[in-house]
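Structure, as structure tokens:
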């Protein structure tokens, strides 16, 4: 059928959509969600059909087109196009197979991932895959095939070097910026460390947000290769490179129902490691209230699965279960955390010792694991690289290679509120969720200088009137919101 | 945040959608699929957020609104509105619970159905419910609760009469127009028969399409009550009354992946019966190649579940497993089928005896089941009501009460092709799918006079050159398509 183009002037940033008037759709026996081949002058594309109930949206004889379809066909308002029904993507067979509880072959999973990356699957179809994988489960062969397909459908970085080291934390602990110490220590030891990090989603700062205080974290892929050649490592925002792009669409599906499918989580994390050619990975699994992993049993289970998946992918994975009961370091929020990191690298007396110790320990594990230090010598080597300034030197080179400069001072925002102890005693705990929520309301991470500075940690002695924490915000309102939340959520309990 | 309305001029016919520029969304820490409360002058509505990547679609400071949201708020282009994040609907908790393999309480299912009817759930959320119910399964208590919730969230018809009779076929057999004989026979016997039927989706005619040859099948609900009062029965298109509206959205989700969840199928069918106050139901389950139910085992299983569900709903259900191996009657397509029906009611010599016998038998079962005939007398009663013209009289009253008139003659379309036997022998079979596909390509049901007339049935003797079937179409092209398909699909085999 011939139709005239109506430019709907909407971009979905996602699948291609066209809209028919419902009378035209009835006449052609077409239904919402049907796939159509849209043609114009030998060019063609496949789009998903929506039906317009009113002629106001799309009159009869016209085909409403979203920007993605307009671009794909290079048409404009009023152009004449033809439509014919399209075959359904092959993926649907395999999604149905998973729904019916059967295992999928690597080729079948690769087809689903490719169609996901090509935006060929509707929300209904992709949701069916995600929920079927969740309810039916995936075995390790399926997870490995999914991981490989996710990695190979995106950009990849390969350095032909060995070892290529990575460190990953499952997350949920505010201020846990060990990565920004471990990477320069390892680089100073001669390792290749292409670290992609995330931005905060529900936390006050991700490693990418904190690193961005020092230098740009979005770099083109050829620049990244150069940085590795020159300095041996980087810390960038993973979202700036197109690594395992299928993951973003899958996460978008999991988000509304907080579906936390283990198989997809494993694939999501490991695909990004496979994309950058990781050979040795240290996986940190913090446990505590508010962290992603709830108890030791779940952590051990996950740990086993990471190692098994690593085996199938040719990545050596070591996991470490850590104490995630309270924030790490003193600063919470991009600038306050970056300041902790720089103080630690400079061995300044203000450096938070919990952050320093944990980083030395984890770097030591990786040095031994990757053969850069003899067994039993890892921690001593890591400590030496830190205290001699070698790690600080490596960080300076990394930051400069990424196009930045370590600032001489890092100042938090000017509006402050200090919470003081209402009695003498011991700090019972510093709840992660309280700190995260308060710091976000103060403005972190969008205002990088907003956040919280902890003066006390869990089990510290405190005297009545002594400061426990200070909130920093750019404006009075944000400060008030944060203070209100701090008190409403119960504050910091003292016993 | 205050924003100006941009009228996107699109109707989804479905959930409310608003669109923010991605920079505004980032600043407000909002993500695609988030729910927003949109307010204007004390009026407010809840909409799902989409993000526009280009300022061309939605510039900063503006809120793109689809028609449903524009209507709900009664705003126009350029009006100022405010947005705040909205709570997630309660349903999401219960959908998650089902995803995690737990059983849902009646109140929880009722909440999901209500939110579905109110278009509060996104495709991702509703798909999760549908696929979770499919992969995790539902027990009979859950199916009954779902059925009741689906019925009570739509229009209902209650007549305070007893018995209220219904007959339903699981479908897949072309020409199976028994309903149009059974209903007038039962009405002639003094039963109340409020029959809602479907239109064809993938078949050449649904009962509603065939009935529409004789009279209107879309009637307002108060008119339907009057028709029942006056003549005791009707045959209308179920889509014209808002019975169990949640079902339409669920079917839309099941369609792309051909998910055939038994629980949802049971609920979907029985909710519509509950909506019209059915007390006695005869459920026909035809078995054969191309029918919905594949074998006797599956049919018996389904039969048991229909009875159990009926028990929980207070509807007496009798099931009958029938031979669905070939089309019933001679005509396929609305006018050709209507002609078979009228010939049968008039006891004309052209009446197809397979259709007549099957209808008498099913009507007899229902007469006994509902107490309108003594045990063993049902078939004789039904036959008498047909041969005395009482059933034809009832049909005439039904058709006239619905606003139509039985036409004096029913003529099929003028372009014809007759398939003749290429040898002498026996008709091996008349494949349902071949007949359905060919009749649809000839134009049925959109062209009501298009379709197929069968001159022979399965196992009939045939001489070389004798006609087997005739295709009717309105135009040469449609006829050619149909003939080509008939031959490509293997034609009618003779042994």
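Yes/no per residue for (1) within 26 Å of residue A:302 (Cβ to Cβ); (2) in contact with a helix residue (DSSP H, G or I) (Cβ under 7 Å, 6 or more places away or on another chain); (3) crowded, with 20+ Cβ neighbours inside 10 Å:
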site: A:206; (1), (2), (3): yes, no, yes
site: A:222; (1), (2), (3): no, no, no
site: A:247; (1), (2), (3): yes, yes, yes
site: A:273; (1), (2), (3): yes, no, yes
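Applying the condition of being within 21 Å of the chain's Cα centre (by Cα) and more than 8 Å from every other protein chain (Cβ to nearest Cβ) to the range B:134-144 and asking which residue is nearest to residue B:261 (Cα to Cα) yields B:143. Of all the residues in the range A:23-65, those that are closer than 16 Å to residue A:5 by Cα and facing chain B (nearest Cβ under 9 Å) number 7. Of everything in the range B:42-71 that is part of a loop (DSSP other than H, G, I, E, B) and touching a helix residue (DSSP H, G or I) at 6+ places or on another chain (Cβ under 6 Å), the residue that is farthest from residue B:85 (Cα to Cα) is B:53. Only one entry of B:263, B:277 meets the criterion of being under 19 Å from residue B:142 (Cα atoms) and over 14 Å from the mean Cα position of the chain (by Cα), and that entry is B:263. Within this structure, residue B:118 passes the test of being free of Cβ contacts under 8 Å to residues at least 24 places away in the same chain and surrounded by fewer than 19 Cβ atoms within 10 Å (Cβ to Cβ).
Scoring residue B:364 on the criteria (1) within 30 Å of residue B:485 (Cβ to Cβ); (2) free of Cβ contacts under 8 Å to residues at least 40 places away in the same chain; (3) surrounded by 21 or more Cβ atoms within 10 Å (Cβ to Cβ) leaves a single failure, condition (1). Scanning the range B:104-133 for residues that are over 22 Å from residue B:45 (Cα atoms) and away from chain A (no Cβ under 13 Å) yields B:104, B:105, B:106, B:107, B:108, B:109.
When residue B:332 is tested against (1) touching a helix residue (DSSP H, G or I) at 6+ places or on another chain (Cβ under 8 Å); (2) free of Cβ contacts under 8 Å to residues at least 24 places away in the same chain, just one condition goes unmet, and that condition is (2).
The residues of the range A:430-453 that are out of contact with any strand residue (DSSP E or B) (no Cβ under 9 Å at 6 or more places or on another chain) and within 12 Å of residue A:412 (Cα to Cα) amount to a single one, A:448.
Every residue, every condition in (1) closer than 30 Å to residue B:229 by Cα; (2) touching a strand residue (DSSP E or B) at 6+ places or on another chain (Cβ under 9 Å), yes or no:
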residue: B:138; (1), (2): no, no
residue: B:142; (1), (2): no, no
residue: B:145; (1), (2): no, no
residue: B:153; (1), (2): yes, no
residue: B:156; (1), (2): yes, no
residue: B:164; (1), (2): yes, yes
residue: B:170; (1), (2): yes, yes
residue: B:178; (1), (2): yes, yes
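Per the conditions (1) surrounded by fewer than 20 Cβ atoms within 10 Å (Cβ to Cβ); (2) closer than 17 Å to residue A:167 by Cα, the sole criterion not satisfied by residue A:325 is (2). Residue count for the range B:252-285, restricted to those that are part of a helix (DSSP H, G or I) and either more than 17 Å from residue A:92 (Cβ to Cβ) or more than 14 Å from chain A (Cβ to nearest Cβ) (or both): 14. Residues that are facing chain B (nearest Cβ under 10 Å) and buried (at least 21 other Cβ atoms within 10 Å of the Cβ) within the range A:69-88 are absent altogether. Across the range A:12-22, what is the total count of residues that are facing chain B (nearest Cβ under 8 Å) and assigned to a strand (DSSP E or B)? Number satisfying all stated conditions: 1. One residue is enough: does the range A:169-177 have a residue meeting the conditions within 14 Å of chain B (Cβ to nearest Cβ), buried (at least 23 other Cβ atoms within 10 Å of the Cβ) and touching a helix residue (DSSP H, G or I) at 6+ places or on another chain (Cβ under 8 Å)? For the range A:169-177, residues within 14 Å of chain B (Cβ to nearest Cβ), buried (at least 23 other Cβ atoms within 10 Å of the Cβ) and touching a helix residue (DSSP H, G or I) at 6+ places or on another chain (Cβ under 8 Å): absent. Taking the criterion of being more than 19 Å from residue B:385 (Cα to Cα), modelled with pLDDT of 95 or more and part of a helix (DSSP H, G or I), would at least one residue in the range B:315-335 satisfy it? Yes, because at least one residue in the range B:315-335 is more than 19 Å from residue B:385 (Cα to Cα), modelled with pLDDT of 95 or more and part of a helix (DSSP H, G or I). Please go through the range A:420-470 and give me each residue that is under 26 Å from the mean Cα position of the chain (by Cα), surrounded by fewer than 24 Cβ atoms within 10 Å (Cβ to Cβ) and at pLDDT 95 or above, ordered by number. Listed by number, the residues that qualify are A:448, A:449, A:453. Residues that are in contact (Cβ under 8 Å) with a residue 40 or more places away in the chain and part of a helix (DSSP H, G or I) within the range B:336-356 comprise B:336, B:337, B:338, B:339, B:340, B:341, B:342, B:344, B:345, B:354, B:355, B:356, listed in sequence order. Take residue A:173 and decide whether it is more than 12 Å from the chain's Cα centre (by Cα), under 21 Å from residue A:321 (Cβ atoms) and outside the structural domain of residue A:119 (by TED's automatic domain parsing). Here the answer is yes, as residue A:173 does meet what is asked.
The values are calculated or read from the model by the stated rules, or taken from the named source; none is laboratory data. This one's a predicted model, so the numbers in the text were calculated from it and none came from an experiment. With ideal geometry, Cβ positions are generated from the backbone for all residues, glycine too; neighbour counts draw on all protein chains shown.
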